[in-house]
1. Working only within the stretch 47-68, note down all residues that are in contact with a strand residue (DSSP E or B) (Cβ under 8 Å, 6 or more places away or on another chain) and without any contact (Cβ under 8 Å) to a residue 60 or more places away in the chain.
2. So is Ala10 surrounded by 11 or more Cβ atoms within 10 Å (Cβ to Cβ), at pLDDT below 90 and among the small types (Gly, Ala, Ser) or not?
3. Specify the residue that is surrounded by the most Cβ atoms within 10 Å (Cβ to Cβ); the eligible residues are those in the stretch 77-95 that are charged (D, E, K, R) and in a strand (DSSP E or B).
4. Would you confirm, using the coordinates I've provided, whether Ala97 is under 20 Å from Glu70 (Cα atoms) and of a type in the set (A, V, I, L, M, F, W, C)?
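The values are calculated or read from the model by the stated rules, or taken from the named source; none is laboratory data. These numbers were taken from a predicted model, which means no experiment stands behind them. Neighbour counts run over all protein chains shown; Cβ positions are idealised from the backbone, glycine included.
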Amino acid sequence: MKRKMLGIWAGLLLFAAPVHAREEAPVVRVFVDGEQVIFEHPPILEQGTTLVPFRAISEKLGFEVAYRVENGEQSVTAVKGGETVTMYIGNRIANSAEGRVLLEQAPRIEHDLAYVPLRFLAEAMHVEVEWDGEQTAVRLHTQAPADGGAPPEEKAADPEPEAAGA
């Protein structure tokens with residue numbers, strides 16, 4: 001009798017447990033002046049903010065980067081020309097030429113990499129940011145087109161190089 005009751009309770013618990021279908025986050029593509037950036041670990045789209053690996057995007061944009069740990073606080077800094085942006089891991093406060101700024105999402109560590117809010121970093125360093133919701137893509141423009149027209153055509157990164165002579 002005890003086994004039967006135990007089986008009934010186990011069955012009830014199994015079916016009573018909530019089932020949540022895990023929705024896959026969309027893959028966000030990032031383009032710099034029309035060329036797709038390939039990250040070792042992909043960007044994260046969270047509550048409307050795209051977080052990207054700091055060093056990879058900063059170096060692609062030509063920024064010098066620094067990572068510091070001081071008094072237990074981790075920070076990342078991007079420098080280009082006279083502009084400097086500093087963000088603190090786990091903290092929504094950042095410093096830029098505009099002073100202290102409250103970020104939508106705090107930078108964080110994922111896959112042993114510092115992930116930072118892309119729009120803030122780019123705009124603080126005077127890079128134009130364009131969000132394409134239909135393509136789930138962020139387009140960064142570091143310079144205005146020479147003819148003053150539309151940005152150059154995007155070049156999707158080839159996952160494999162084409163064979164010679166093909």
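1. Within the stretch 47-68, Arg55, Ala56, Glu59, Lys60, Glu64, Val65, Ala66, Tyr67, Arg68 meet the criteria.
2. Against the criterion (surrounded by 11 or more Cβ atoms within 10 Å (Cβ to Cβ), at pLDDT below 90 and among the small types (Gly, Ala, Ser)), Ala10 does not qualify.
3. By that ranking, first place goes to Lys80.
4. Criteria not met by Ala97.
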